[in-house]
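The values are calculated or read from the model by the stated rules, or taken from the named source; none is laboratory data. Keep in mind the model is a prediction, meaning the values are calculated, not measured. FYI the Cβ positions are ideal-geometry reconstructions off the backbone, even for glycines, and counts take in every protein chain you see.
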Amino acid sequence: MIRSKLPNVGTTIFTTMSQLAVQTGALNLSQGFPDFNGPQALLDAVGRHVAAGHNQYAPMTGLPALRQQVAAKVARLYGVQVDADHEVTITPGATEAIFCAIQAVIQAGDEVIVFDPCYDSYEPAVELAGGRCVHVQLSDGDFRIDWQAFSDALSPRTRMVILNSPHNPSGALITREDLDQLAQLIAERDIYLVSDEVYEHLIYDGVRHASVLAHEQLAARAFVISSFGKTYHVTGWKTGYVIAPPALSAELRKVHQYVNFCGVTPLQCALADFMAEHPEHVEQLPGFYQAKRDLFCDLLQGSRFTFTRTPGTYFQLVDYSQIRTDLNDVDMALWLTREHGVASIPVSVFYQRPIPEQRLLRLCFAKREETLRHAAEKLCAI
């Protein structure tokens, strides 16, 4: 008999809903990926590098040119100088970066504070490291951090805090004031941070991203993680990066070299070229996705769903309370897919203890205009 190391883990809701969308022919607004391509210049660069023979192992830490472009972007956007050689590591996806960061510092018996609703990869990685997650619930409605609840959750065993801003699934943002509060509460404690900032460029209405990288006290103890896939519309490339102080980067790399060793070489080459030639891409991204958010929300005004426009990510939460009160959100997501042809994600799956009266679904608007119009037409007909 196999004794599972993750006995409570099964097929993720993202896989389940995407498979159901395929089976039923539903529009897939569940899993977070675009239904359009990345920039043509980026795609063309991959072909050039493949044809040029750049198909062997990249350095374990990532292609130097790409690490340098990451450092240049951080300096330009956040006014922070990071060492491309000793503080930037390219990884095969942000999820791998999160996993390696947790494995690098969490030991048996350690506690890791996560904020519910939270992304589903955090807890399994903590459990595999022998640690235990302590769940602190974000406020219902605006998904802000309750700092008193956080303070109450701290213990001598707390070894890490995992932040996520912009937040998946809610789109909520952590502010500079939040970071100051966190820094004060953990100042005298031996606690590390993982800051999941994969949607760092998807923030709307003129708001600026409050990166942990720009907070000197927190950056000194943090693994800050982002995603090329999210930023350049190429989620299937599974390429991300982590920035951490030299000592933390050294520990992360010890793990990373035995998980994947390195990312895909021609993809790294292409990203380095594109970042150097088109630095404006990341500055145009908020406007690009805000237009999609606003189109989708405008179209949904005629529906019976209620919502507040998301401040970040490419996810929009909608409340279905005026449509069905007899279904929990998992059953509602299944019903919506099978009966009305739109696949979504139930928000309760992101909680350790779901809120009974909460009736929220997550919809992805990283889609072509025709897809959003078609989906909104179906949703407004309910």
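Just wondering, is there one or more residues in the range 342-354 that are at negative phi, surrounded by 22 or more Cβ atoms within 10 Å (Cβ to Cβ), assigned to a strand (DSSP E or B) and β-branched (Val, Ile, Thr)?
yes
Go over the candidates Cys297, Cys269 one by one and state the one that is free of Cβ contacts under 8 Å to residues at least 60 places away in the same chain, in a helix (DSSP H, G or I) and of a type outside the set (Lys, Arg). Even if it seems obvious, please write down each step before you answer.
Values: Cys269 fails: free of Cβ contacts under 8 Å to residues at least 60 places away in the same chain.
Unique residue meeting the criteria: Cys297.
So, Pro311, is that one crowded, with 18+ Cβ neighbours inside 10 Å, within 29 Å of Val207 (Cβ to Cβ) and out of contact with any Phe, Trp or Tyr (no Cβ under 8 Å at 6 or more places or on another chain) or not?
Numbers: crowded, with 18+ Cβ neighbours inside 10 Å: yes; within 29 Å of Val207 (Cβ to Cβ): yes; out of contact with any Phe, Trp or Tyr (no Cβ under 8 Å at 6 or more places or on another chain): no.
Taking the combined requirement at face value, the residue does not satisfy it.
For the range 300-323, give me each residue that is touching a Lys or Arg at 6+ places or on another chain (Cβ under 8 Å) and in a loop (DSSP other than H, G, I, E, B).
Arg309, Thr310, Tyr314, Tyr320, Ser321, Gln322, Ile323
Limited to the range 72-97, what total is found for residues that are in a helix (DSSP H, G or I) and either out of contact with any strand residue (DSSP E or B) (no Cβ under 6 Å at 6 or more places or on another chain) or of a type outside the set (A, V, I, L, M, F, W, C) (or both)? It would help to see each step written out before you state the result.
Looking only at the range 72-97, we keep the residues that are in a helix (DSSP H, G or I), and these are 72-78, 94-97.
Pick out the ones that are also either out of contact with any strand residue (DSSP E or B) (no Cβ under 6 Å at 6 or more places or on another chain) or of a type outside the set (A, V, I, L, M, F, W, C) (or both) and you get 72-78, 95-96.
Looking only at that region, the number is 9.
If you take just the helices (runs of 4 or more DSSP H) that sit entirely in the range 125-242, which of them hold at least 1 residues that are in contact with a helix residue (DSSP H, G or I) (Cβ under 7 Å, 6 or more places away or on another chain), in contact (Cβ under 8 Å) with a residue 40 or more places away in the chain and more than 17 Å from Ile98 (Cα to Cα)?
Values: elements: 147-153, 176-186, 216-219, 228-231.
Hits in the range 125-242: 228-231.
Residue under question is Thr239, and the condition is that it be on the phi < 0 side of the Ramachandran plot, assigned by TED's automatic domain parsing to the domain that holds Val207, surrounded by fewer than 23 Cβ atoms within 10 Å (Cβ to Cβ) and within 18 Å of the chain's Cα centre (by Cα); does it hold? Walk me through it before giving the result.
On the way: on the phi < 0 side of the Ramachandran plot: yes; assigned by TED's automatic domain parsing to the domain that holds Val207: yes; surrounded by fewer than 23 Cβ atoms within 10 Å (Cβ to Cβ): no; within 18 Å of the chain's Cα centre (by Cα): yes.
So Thr239 does not fit the description; no.
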